[in-house]
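These notes are about the structure you will find just below.
The values are calculated or read from the model by the stated rules, or taken from the named source; none is laboratory data. Not measured: the values here are computed from a predicted model. With ideal geometry, Cβ positions are generated from the backbone for all residues, glycine too; neighbour counts draw on all protein chains shown.
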Amino acid sequence: MFVKTKMTTNPFTVSPDQTIPEAQELMMQHGVKRLPVMHKGKLVGVVSKEDIDRYSPSKATSLSMGEITYLLSRTRIKQIMTKDLITISPDALLEEAAILMRDNKVSFLPVVDKKSRMVGIITESDIFDSFIELLGFREPGTRLTIEAVDEPGIMSNLTSIIGRHGANITRVAVYRGATGKSAVVVGISSYNTTEIEKSMEENGFTILHKLQNFKD
């Protein structure tokens, strides 16, 4: 799955010369925590709620509310924005985006194409949604988690069992362990999996967990 399939296109943005209150208003109005900063069509920075909070006077300040409001209204976004940005291509894999976020301790990435144009943003929430979709957690059907020995031919054996019972496999994920065994998550279109489970156990597999999602 690629970044371009999950990114948010046409995100809300601010200019470097806008003020902190203007950025705050945009964030509150649209329910976002960060805004790309654009100047003459180019991405020049990012301002987040955390950036604003760091710059804003603490509650222990001796300044009056009027003085605080005046101070913030005079502060331009270019004075507090983050300039050293980590970006990603729309053609990158979601796994690459997740690793970049994790390694650099950031919660989102601007998506920039080959012409250095920002075409969207991708966030942690987008990655989480993709993970849920990848595993088919909300799809109608049955989701089995199966313990299997990690050796050649096991997946072929497992899928052939499901095929013999006329069921369709919708999702597959493998979590490899350190003990020579793996947890295989299989999404199956059928709700009636009793015979499938029995055949799996007869062939040496162990059913660790079963989840069924029914249509609304």
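I want to confirm something. Restricting to segment 9-39 and keeping residues that are under 16 Å from ILE88 (Cβ atoms) and in contact with a Phe, Trp or Tyr (Cβ under 9 Å, 6 or more places away or on another chain), which single residue is modelled with the highest pLDDT? Please lay out each step first, then the result.
Our first condition is that a residue be under 16 Å from ILE88 (Cβ atoms); within segment 9-39, this holds for 9, 11, 34, 36.
If we keep only those that are in contact with a Phe, Trp or Tyr (Cβ under 9 Å, 6 or more places away or on another chain) as well, we get 34, 36.
Working: ARG34: 92, PRO36: 95.
That would be PRO36.
Remark: pairs (first residue in segment 86-97, in contact (Cβ under 8 Å) with a residue 12 or more places away in the chain; second residue in a loop (DSSP other than H, G, I, E, B); Cβ separation under 8 Å; 6+ apart in sequence or on different chains) = ILE86/VAL106; SER89/ASP113; SER89/LYS114; PRO90/MET7; PRO90/ASP113; LEU93/MET1; LEU94/MET1. Restricting to segment 121-161, name every residue that is under 14 Å from PHE205 (Cβ atoms) and in contact with a helix residue (DSSP H, G or I) (Cβ under 6 Å, 6 or more places away or on another chain). Scanning segment 121-161 gives ALA148, ILE161. Going by the conditions given, is GLY187 farther than 14 Å from ARG143 by Cβ and of a type in the set (Gly, Ala, Ser)? Criteria not met by GLY187. State whether one or more residues within segment 40-59 are at pLDDT 95 or above, out of contact with any helix residue (DSSP H, G or I) (no Cβ under 6 Å at 6 or more places or on another chain) and assigned to a loop (DSSP other than H, G, I, E, B). No. Scan segment 185-216 for residues that are free of Cβ contacts under 8 Å to residues at least 12 places away in the same chain and either not in a helix (DSSP H, G or I) or not acidic (Asp, Glu) (or both) and jot them down. Within segment 185-216, ASN192, THR194, LYS198, ASP216 meet the criteria. Flag set for ALA167, criterion: assigned to a loop (DSSP other than H, G, I, E, B) and surrounded by 12 or more Cβ atoms within 10 Å (Cβ to Cβ). State all residues of segment 91-126 that are in contact with a strand residue (DSSP E or B) (Cβ under 8 Å, 6 or more places away or on another chain), surrounded by 12 or more Cβ atoms within 10 Å (Cβ to Cβ) and of a type in the set (Ser, Thr, Tyr); if no residue qualifies, say none. Correct list: SER107, THR123.
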